[in-house]
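Read the structure below first, then the notes.
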Amino acid sequence: MLMLAGCTPKTPPAPSPPPPIPEVRFVDRAAEAGLAFRFRIAGPRPLDILQSIGSGCAFLDFDSDGNLDILLVGERPGLFRGDGTGHFTDVTALLRGIHGHFLGCAVGDYDGDGFVDLYLSGYREGRLLHNEAGKGFRDVTAASGLRPQPWGTACAWTDMNADGKQDLIVGNYVAFDPKRDRRLCPVKGHPTGCGPIDYRPVKSVLYQNLGGGRFQGLTINGTQGGGLGCVVLPHEGSPRPAIALINDERPADLLTPTASGYQNSGPESGMAVTPEGGVYGGMGVDSGDYDNDGDPDLIIATFQNEMNNLFQNQGSGLFANDSVRSGIALPAPHKPQVAFGVKFLDADNDGWLDVLFTNGHIRDNVETFDTTTTYRQPTELFHNRHGKFAYQRISAPIVGRGLAVGDYDNDGLPDALAVDAEGAPLLLHNESTQTGNWLGISGLREGTKLVAQIGERTLTRWCHTDGSYLSASDARVLFGLGTATLIDSLTLTWPSGKTQTLKNLTPNHYVTAKETR
């Protein structure tokens, strides 16, 4: 930690004072869009730690028609085909009766056939579903070498060894058996769900893709366990990525590549603990360049009365906590919230990444012993004004858990999909009026880096579907361009290391990228 004593957040470039803050507007269109689905929590009350964990969701294009579809994760997951104009049709039958105690999802094309496959994590679960050319999904878990996890949570596809094949990381939470272990703990004299520190943590697992639909488990040494969040980010000087594992009330892990595998660089990175050296209740996590300096930063959702952590990338594997200076560590009304889902997105296409949170308490009876907070909590946006964030409430209170971001009606504005653990999903359509120009890029591979040069301004983005909480997002990349009417150049660096540059692109449409051979 002595290395970090002088490590302070960089001041983001601010070419001019930001204009007055325009309102960003999201409207829930789930019912009219055709998302007939409801999340429910079964069993006795008050809720225990397993009941309250919630589940995730995904924007994906499972039939490769260019339009986003929706996956809602539950005991019986729901699948809805999108038409690209805002309407969805229930095609859950294509999942062929898949059911289990599912919690999270990862979307990726592990066999390279051009159709995205699914991994579903869960309690004593773990399923690999192969996409049958957009006509349905087939459970291939038994033949793959993947094993059910004790309590699978966050999961992500990534090419860990730069061999061109998608490998899989699966987080695990804690060891808990509701039939044998203590379900409830006293808080201010009231029985309520116990916390993660009351149980033994379970560690994450890595599965290497051997090809031919087979995977081999690998050992991760030196990690904490108790993970709820996972995001993959580029690692300086290596074609192999780093992996951030966010643990609940335990130090976070940052897996970085070595000659022989991966090591946990969390302790020396600056992102494992708070600035005071304490642990935080880490839930969801996402990566993105919020300060437009070309490096991927981290945003981490945390528990009630803990500040949500914004870690600014300092280079050389180091991060500095920028939560206070940036405004992410906002006092009331935000601090009583329990944040789960979190995503970077440019909600108004001004070229600065905003942050969206879903919130909801873990204790369904919290209002009986804590007057400062509620069980249901609003979804919140932190609007990025040149590196400083302004707070905005987005939705009515929900029991917020999973969160995904994607442009489901292809209008160039990022929309959001949110899980209400005790209600219907929210399909938050972006209906902001003061928005900038944009450019969308499809056809990308996970991990592709994109650098747009717009006059003297440079914007950097990465293709990644992972992050947030138990969820997966749109694989397409959206650049918000503000008032710019020309992208001078767009340089793509593919995971293979190959680069290509597109010149003089006009805005307000999608372009399809294709890796040169």
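Which condition number does residue 497 fail, the rest of (1) on the phi < 0 side of the Ramachandran plot; (2) modelled with pLDDT under 95 being met?
Checking residue 497 against (1) on the phi < 0 side of the Ramachandran plot; (2) modelled with pLDDT under 95, the one that fails is (1).
Report the residue count in segment 110-132 for those that are under 21 Å from residue 403 (Cα atoms) and either free of Cβ contacts under 8 Å to residues at least 12 places away in the same chain or assigned to a loop (DSSP other than H, G, I, E, B) (or both).
Counting residues in segment 110-132 that are under 21 Å from residue 403 (Cα atoms) and either free of Cβ contacts under 8 Å to residues at least 12 places away in the same chain or assigned to a loop (DSSP other than H, G, I, E, B) (or both) gives 2.
Residue-by-condition table, conditions (1) out of contact with any Lys or Arg (no Cβ under 7 Å at 6 or more places or on another chain); (2) within 24 Å of residue 168 (Cα to Cα):
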position	(1), (2)
445	yes, yes
464	yes, yes
493	no, yes
499	yes, no
502	yes, no
505	yes, no
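I need a count of the residues in segment 484-508 that are open to solvent by 40 Å² or more (accessible area, probe 1.4 Å), closer than 16 Å to residue 351 by Cα and touching a residue at least 40 places away in the same chain (Cβ under 8 Å).
2
Does any residue in segment 414-427 that is under 27 Å from residue 480 (Cα atoms) come within less than 7 Å, Cβ to Cβ, of a residue that is surrounded by fewer than 24 Cβ atoms within 10 Å (Cβ to Cβ) and at pLDDT below 95 six or more places away or on a different chain, and which pairs are these?
What qualifies is 426/395.
Give the residues of segment 297-307 that are open to solvent by less than 10 Å² (accessible area, probe 1.4 Å) and in contact (Cβ under 8 Å) with a residue 40 or more places away in the chain, sorted by residue number.
Filtering segment 297-307 down to residues open to solvent by less than 10 Å² (accessible area, probe 1.4 Å) leaves 297-302.
The answer is 298, 299, 300, 301.
Which condition does residue 178 not pass, out of (1) in a strand (DSSP E or B); (2) touching a Leu at 6+ places or on another chain (Cβ under 8 Å); (3) open to solvent by 20 Å² or more (accessible area, probe 1.4 Å); (4) not β-branched (Val, Ile, Thr), if it passes all the others?
All conditions pass for residue 178, except number (1).
Out of all the residues in segment 324-357, which are polar (S, T, N, Q) and surrounded by 24 or more Cβ atoms within 10 Å (Cβ to Cβ)? I'd like the intermediate steps shown before the answer.
Narrowing segment 324-357 to residues polar (S, T, N, Q): 326, 337, 349.
The answer is 337, 349.
Quickly run through segment 51-74 and pick out the residues that are under 30 Å from residue 187 (Cα atoms) and either open to solvent by 20 Å² or more (accessible area, probe 1.4 Å) or in contact with a Leu (Cβ under 6 Å, 6 or more places away or on another chain) (or both). Explain how you work it out, then say what you get.
Filtering segment 51-74 down to residues under 30 Å from residue 187 (Cα atoms) leaves 51-56, 74.
Within segment 51-74, 51, 55, 56 qualify.
If you take the residues of segment 398-413 that are part of a loop (DSSP other than H, G, I, E, B) and touching a residue at least 24 places away in the same chain (Cβ under 8 Å), which of them is most open to solvent (accessible area, probe 1.4 Å)?
So in segment 398-413, the residues part of a loop (DSSP other than H, G, I, E, B) come out as 399, 407-413.
Next cut, touching a residue at least 24 places away in the same chain (Cβ under 8 Å) only: 399, 407-410, 412-413.
Values: 399: 0, 407: 1, 408: 8, 409: 30, 410: 48, 412: 0, 413: 18 Å².
Taking the candidates together, the pick is 410.
Can you tell me how many residues in segment 108-133 are more than 26 Å from residue 177 (Cβ to Cβ), open to solvent by 10 Å² or more (accessible area, probe 1.4 Å) and not charged (D, E, K, R)?
Going residue by residue through segment 108-133, those that are more than 26 Å from residue 177 (Cβ to Cβ) are 108-118, 129-133.
Narrowing further to those that are open to solvent by 10 Å² or more (accessible area, probe 1.4 Å): 109-116, 130, 132-133.
Still in the running and not charged (D, E, K, R): 110, 112, 114-116, 130, 133.
Qualifying residue count for the region: 7.
The values are calculated or read from the model by the stated rules, or taken from the named source; none is laboratory data. Source: prediction; values computed, not measured. No Cβ is skipped: glycine too gets one built from the backbone with ideal geometry, and neighbour counts run over all protein chains shown. Remember, those area values only see protein heavy atoms, side chains included, never the ligands or the DNA or RNA. Shrake-Rupley method; radii C 1.70, N 1.55, O 1.52, S 1.80 Å.
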